[in-house]
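In what follows, a structure is listed as structure tokens, so that the remarks can point back to it.
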Amino acid sequence: MGQAQWTEVDAFLSSLLVGEDDALTEATAAGRRAGLPPISVSPAQGKLLYLLAKTLGAKRVLEIGTLGGYSAIWMARALPKDGHLVSLEYSPRHAEVASGNIARAGLVGVVEIRVGAAADNLPKLAAEGGEPFDMVFIDADKGGYPDYLDWSLQLTRPGGLIVADNVVRGGAVADGLSRDANVQGVRSYLEKVAADPRLEGTVMQTVGVKGYDGLSIARVVA
């Protein structure tokens, strides 16, 4: 068992259960044509994010790391007509590609992309004093994950979810001596989740078209 079989099973499950449409497949293709790194969530993971937001009855979602807008499309589709998704993207080029994909999906006015460093945009969001978010999805630079968790806690309502991608790192997360800044970033993130009484969380290890990794899911309890 290995990558070839994981990919085959992922393709079967996606064809059976996910229901990826033209807007989603074109979002992936547009990112490829633009030279964006192929690191967005898989179709099955996108459907999971959709189901989490739908189950929560989410009206407001925050995404940290837009890339080409693939995951934003999935989550925005789970929102009611008056729902809103704010996505933070560091790269103007990535934001440009994502804007086109979001427009093609018919989600202009639902998804708002804010360009710039998340470390700058998160304090601005907090200062605006808007309604709290029901769900946060973190999929950006791993070294920033611990700080993004702190801001997410400030911005998310009790009962809401904070989801973080790429936290298993092919198993490297278990190596406390790793010199990889990405590994140390996610380790620090998970340690903060475990230590904070305002959170209850777990990690789902995943295999599939994206290889071996995992998602952290934490519920804000207070």
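Structure data summary
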| read-out | value |
| --- | --- |
| Segment 1-119 - Kirkwood radius from inverse mean 1/r over Cα pairs (Å) | 14.6 |
| Centroid-to-centroid separation of segment 133-175 and segment 1-40 [C-alpha atoms, Å] | 23 |
| For residue 94, solvent-accessible area (1.4 Å; no DNA, RNA or ligand), Å² | 40 |
| Carbon and sulfur %, accessible surface of segment 13-169 computed with the full protein complex present, 1.4 Å | 55 |
| Bridge type composition, the chain - antiparallel percent by DSSP, nearest 5 | 40 |
| Cα-derived Rg over Rh, computed across segment 85-208 with Rh taken as Kirkwood radius | 0.98 |
| Interchain or long-range residues, amide H under 5 Å from residue 159's placed H | 220, 221, 222 |
| 5 angstrom amide H check on residue 138, placed H, neighbours 5+ away | 64, 163, 164, 165 |
| Accessible area per residue, Å², segment 1-48 with all protein chains present, probe 1.4 Å | 60 |
| Solvent-accessible area per residue for segment 67-222 (1.4 angstrom probe, square angstrom) | 44 |
| Calculated P(r) tail over 22 Å for the chain, as whole % of Cα pairs | 49 |
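The values are calculated or read from the model by the stated rules, or taken from the named source; none is laboratory data. Computed from a predicted model, the values in this text were never measured in an experiment. Calculation scope for accessible area: heavy atoms of the full protein, side chains included, ligands and nucleic acids excluded. Shrake-Rupley method; radii C 1.70, N 1.55, O 1.52, S 1.80 Å.
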